[in-house]
Every structure is written in structure tokens, then in C-alpha cells.
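Computed from the coordinates by the stated procedures, all read-outs in this text should not be read as laboratory data. All values derive from a computational prediction rather than experimental measurement. In this analysis, Cβ positions are derived from the backbone assuming ideal geometry, glycine residues included, and neighbour counts consider all displayed protein chains.
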Amino acid sequence: MVQSLNTVADLSAPGIFYTGIGAKYGKILVGDKAFEFFNDNNVNDYIQVPWAELIMVQAQVRGTHIGRRFKVQTTAGSFDFSSKMVGPVLKAVRNHVGDERVLRMPSLVQKFKARFQRWFKKNSAK
């Protein structure tokens, strides 16, 4: 059995962790010391991210609607999650890491615009 890093759980929500090929269903746990994901099918399959190692959390936002998917970026890499309760999950994370580390994910148009601007700046310098 896996030992949780948290002593107090602020929020527990059903969630999905997206791996490169498939998805793993389980519980997202936001507590006083870490962000955690525990797989429902395999107890030894888990992700624990202490608050000190979390760089940022990005969520898909369109107008006032928050999409189900969000990305957690850590010092070890980035992880994609989704949850039906994404609003309460992000609010609980924001209470621990602050407003400056919970961000909007860039839209497709913004990604293309940034890539074009970098390309233009690189080629205009020649």
C-alpha cells in the first residue's frame, strides 16, 4: 500500500491521468503537502507531486467555461489530467501554490501566433 504525503486531504475527486498511449482512471487528492493521483485498478500506480516541486498548473479556458483537462508541470516533467470537478480541483491547488502558478493554457491560435513571431524574428535578423 502506498503512503500518502498529505496529512489532511482538502479535496478528493475522480480523475483521469493521460499517459502517452492511454488513460488511467483514479482519484485526484489535493492535500496540505502534495498533489496526488492514485489509480483505481493498481494501488502501486500513483503520482505524488509535493507543492515545492510544482512549477505551474495550466487549464483550458474558453470564455467563462473551464475545460476538463489540465496540465501539471513539475521539475520532473509534465502530467495531463482531467476531472469532472476541475473547478474545485484548481481552486484547491490555487490555495496552496498561489494565483501566479495556476494559468490559462494557450489556445491553438496563440500557439501559431507565437511560433510565427519567433520564426519571423529569427529570419528578419539575417
With criteria (1) in contact with a Ser or Thr (Cβ under 9 Å, 6 or more places away or on another chain); (2) within 18 Å of Lys71 (Cβ to Cβ), Phe38 comes up short on (2)
Looking at the range 87-108, is at least one residue closer than 14 Å to Phe17 by Cβ and either of a type outside the set (Val, Ile, Thr) or surrounded by 14 or more Cβ atoms within 10 Å (Cβ to Cβ) (or both)? yes
Count of residues meeting criterion [assigned to a strand (DSSP E or B), among the β-branched types (Val, Ile, Thr) and exposed (fewer than 12 other Cβ atoms within 10 Å of the Cβ)] in the range 47-83: 0
With respect to Asn39, is the statement that it is polar (S, T, N, Q), over 13 Å from the mean Cα position of the chain (by Cα) and surrounded by fewer than 15 Cβ atoms within 10 Å (Cβ to Cβ) true? no
